[in-house]
Amino acid sequence: MALLQISEPGESPDPHQIKRAVGIDLGTTHSLIASVRSGLAECLSADDGSVLLPSAVRYHEDLRVSVGHPVLSQRLTDPLNCFVSFKRWMGRSWQDIDRSSSPYRFIEREGAVSMQTAAGPKSPVEMSSEVLRVLADRARASLGGEVDGAVITVPAYFDDAQRQATKDAASLAGLTVLRLLNEPTAAAIAYGLDQGEEGLFLVYDLGGGTFDVSVLRFQSGVFEVLATGGDSSLGGDDFDARIVQLWLNDAGLSVAQLSAADRHRWLMLARKAKETLSDQDAVALEGPLGIQHLDRSTFERITKPLLDKTMLFLRRVLRDAALDAAELAAVILVGGATRMPQVRSALEALLNCRIYTHLNPDEVVAIGAALQAQLLLGQRSANGDWLLLDVIPLSLGIETMGGLVEKIIPRNTTIPVSKAQEFTTYKDGQTAMSLHVVQGERELVSDCRSLARFELRGLPGLSAGSARIRVDFQVDADGLLSVSAQELSSGVQACTVVKPSYGLGDEEITRMLREAIDHASDDIQRRALTEQKVDAERLLLSVQAALDADAALLQPDEQAAIHAAMANLRSVAEKHDHHAIRDAMTALGHQTDHFAALRMDHAVSMAFRGLKLDDLAS
């Protein structure tokens, strides 16, 4: 009897077929790549044994590109062509970034940011692709073949544009992206499987250029993100900048007075001082102006506003998740900047719970990404079955009449997600509709961020309110959005994949959330007033259309009374009193009741004109 080769679900039917999956932490300061070998997730090292690859790129006049450690030492001799911390500019617009303290030659290309180099203009996406290309080569050498797929981590608060920029960088590097994974979630995967325990975990991720904080529940093999927050432009680099500013102030200098090479030199010195103060109470280093002194208490004082900002996000995320600190099982630290003693002291004081530090904070994100990549390619391990439920950071919606926002997917909704809502037309005979997709927490479009616009054409031209327009929002597992619209009676449809060329700045994200809370009451009143005005305009259009068609049914004094009521409503609608608008609409309604009855009688009589009683009976 013939035998069938049977495999477990999710496992390859060919036991000799091995798919090479990797997890990549594309960091602001350093990047890493990891893979699962012999059931163990580990970071892959370079020939010199180092697992950390500095996220540094140098462009040469002969078009050569250097990546990693050599670039750091070359920054002083060729500062305008050696680039670091470019992750901060991924998916950002020209207006979003502060160029005053940077040594680079920024140029604007189609609203996005690029830098002038010896090899021509280069974008942050192109620079990131160079780092990813080196990591991919490292994986091929370590694993003995081509990489079949990669999970790349991103800050939880990266918006759609920044995520898309990350995917574009991976494509340039020749990598197949299995999924974009939020960095805090990746860390939780690594710790959750390692610890084998369940409960609520808070992930505090302070890297070189970004900060994230997330609350996750791990239970019965399910990782569920309950809430997330952070700042995509806050990290260890900002702590370094505060040190430089202190030293320059003492010397009577400003950053603007420094050459590009000197800026690099001061920042490198500050970073060394910061790292030394994690183990010592004071430091004295040789700098451009002699010996530079700094003690831990002074460092903690000048950087306290930055630390307090992270704690503000932490408290907000706990509030969003409807949790008290006492409910947390532990805090997971991610990112090299969490080695600063003041970070751990602040967390212990605020949360009073266990703090996990036994996994290397620089490597834990890459390890979690590798475990997820292994699962997505069907290479299961003994404890590798879990479900990952992430969330979106900001609400997504569509503009409606009056500049109002109709939220279709609220913030902190689990992804992937698909939601739909029906809308209708505003005017009689409308054959096209413009759709405006927005992101934010406020009630008015003017207070939110525009993501995309597209048009739905070929509508059947029905009377106002008769058409049924179904708008679908779909957010995939990477947090990327696509929107489609369809008129249900005719089947006419249009769609767009939201790919904006730049993303939100940190201040803009913070402002959106803060103002949504501070102006909640005002926004509700403004929305009610705007909705009342829209209803008034629709009523006026409807009455005017009826008059245009059947004004002959009315006596002159009746027409005059209706016109007077319409004029009153138009006048009242210009004011900011929705009660007065409502009363004027009611008055116009009463004034047109008789007209509506006359039109009904006229329509019935016209329908039966010329018909005999026998015709009706049949």
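Kindly evaluate Asp324 against the criterion of being modelled with pLDDT of 90 or more and surrounded by 20 or more Cβ atoms within 10 Å (Cβ to Cβ). Steps first, answer last, please.
Values: modelled with pLDDT of 90 or more: yes; surrounded by 20 or more Cβ atoms within 10 Å (Cβ to Cβ): no.
For Asp324, the condition - modelled with pLDDT of 90 or more and surrounded by 20 or more Cβ atoms within 10 Å (Cβ to Cβ) - is not met.
Somewhere in the stretch 306-313, is a residue touching a helix residue (DSSP H, G or I) at 6+ places or on another chain (Cβ under 7 Å) and polar (S, T, N, Q)? No, the stretch 306-313 has no match at all. Say we look at the stretch 248-262 and pick out the residues that are open to solvent by less than 30 Å² (accessible area, probe 1.4 Å) and either outside any loop (DSSP other than H, G, I, E, B) or at pLDDT 95 or above (or both); which of these is farthest from Leu72 (Cα to Cα)? Across the stretch 248-262, the extreme among qualifying residues is Leu248. Taking the numbered list (1) part of a loop (DSSP other than H, G, I, E, B); (2) at pLDDT 75 or above; (3) open to solvent by 50 Å² or more (accessible area, probe 1.4 Å) in turn, Ala552 passes all entries but (1).
Pairing residues of the stretch 367-385 that are farther than 15 Å from Leu44 by Cα with residues that are modelled with pLDDT of 85 or more and part of a loop (DSSP other than H, G, I, E, B), at Cβ distances under 7 Å and at least 6 apart in sequence or on separate chains, gives Leu377/Asp148. Looking across the stretch 39-55, the residues that are surrounded by 14 or more Cβ atoms within 10 Å (Cβ to Cβ) and either touching a residue at least 60 places away in the same chain (Cβ under 8 Å) or more than 18 Å from Ile24 (Cα to Cα) (or both) come down to Ala41, Glu42, Cys43, Leu44, Ser45, Ala46, Val51, Leu52, Leu53, Ser55.
If a residue has to be assigned to a loop (DSSP other than H, G, I, E, B) and open to solvent by 10 Å² or more (accessible area, probe 1.4 Å) to count, how many in the stretch 232-247 make the cut? Outline the logic, then answer.
Keep residues of the stretch 232-247 that are assigned to a loop (DSSP other than H, G, I, E, B), which gives 232-235.
Those left that are additionally open to solvent by 10 Å² or more (accessible area, probe 1.4 Å): 233.
The total comes to 1.
Among the strands (runs of 3 or more DSSP E) confined to the stretch 53-107, the ones with at least 1 residues that are under 30 Å from Ala34 (Cα atoms) and of a type in the set (Ser, Thr, Tyr) are located at 56-59, 65-67. Residues considered: Thr338, Thr413, Thr357, Thr303. Of these, the only one that is of a type in the set (S, T, N, Q), at pLDDT 90 or above and out of contact with any helix residue (DSSP H, G or I) (no Cβ under 6 Å at 6 or more places or on another chain) is Thr338.
Mind listing just one residue for me: the one in the stretch 413-455 that is assigned to a loop (DSSP other than H, G, I, E, B) and under 26 Å from Ala227 (Cβ atoms) and, of those, nearest to the chain's Cα centre (by Cα)? Working first, answer last.
Step one: of the stretch 413-455, the residues assigned to a loop (DSSP other than H, G, I, E, B) are 413, 416, 424-431, 440-443, 448.
Now narrow it down to the ones that are under 26 Å from Ala227 (Cβ atoms): 413, 416, 440-443, 448.
Numbers: Thr413: 12, Pro416: 14, Gly440: 10, Glu441: 13, Arg442: 16, Glu443: 19, Cys448: 14 Å.
So, considering only residues that are assigned to a loop (DSSP other than H, G, I, E, B) and under 26 Å from Ala227 (Cβ atoms), the one nearest to the chain's Cα centre (by Cα) is Gly440.
Among the listed residues Pro288, Pro305, which satisfies the condition of being over 28 Å from Ser31 (Cβ atoms) and either in contact (Cβ under 8 Å) with a residue 24 or more places away in the chain or surrounded by 17 or more Cβ atoms within 10 Å (Cβ to Cβ) (or both)? Matching residue, one of Pro288, Pro305: Pro288. Annotation: His594 fulfils all but one of (1) closer than 16 Å to Gln544 by Cα; (2) without any contact (Cβ under 8 Å) to a residue 12 or more places away in the chain; the unmet one is (2). Every test in (1) modelled with pLDDT under 90; (2) open to solvent by 30 Å² or more (accessible area, probe 1.4 Å) is passed by Ala330 save one, and that test is (2). What do you reckon, is Phe223 farther than 30 Å from Val437 by Cα, of a type in the set (A, V, I, L, M, F, W, C) and assigned to a strand (DSSP E or B)? Here the answer is no, as Phe223 does not meet what is asked. Evaluated against (1) under 28 Å from His30 (Cα atoms); (2) open to solvent by 60 Å² or more (accessible area, probe 1.4 Å), Leu347 falls short on exactly one condition, (2). Counting only residues that are within 25 Å of Ser466 (Cβ to Cβ) and open to solvent by 80 Å² or more (accessible area, probe 1.4 Å), the stretch 555-569 holds 0 of them.
Of all the criteria given as (1) modelled with pLDDT of 75 or more; (2) more than 18 Å from Ala156 (Cα to Cα); (3) among the hydrophobic types (A, V, I, L, M, F, W, C), the one not satisfied by Leu480 is (2).
The values are calculated or read from the model by the stated rules, or taken from the named source; none is laboratory data. Predicted model, so just to flag it, every value in this text is computed and none were measured. Note that we place each Cβ from the backbone using ideal geometry, even for glycine, and neighbour counts take in every protein chain shown. Accessible surface is based on the protein model in full, side chains and every heavy atom, while ligands, DNA and RNA are left aside. Shrake-Rupley method; radii C 1.70, N 1.55, O 1.52, S 1.80 Å.
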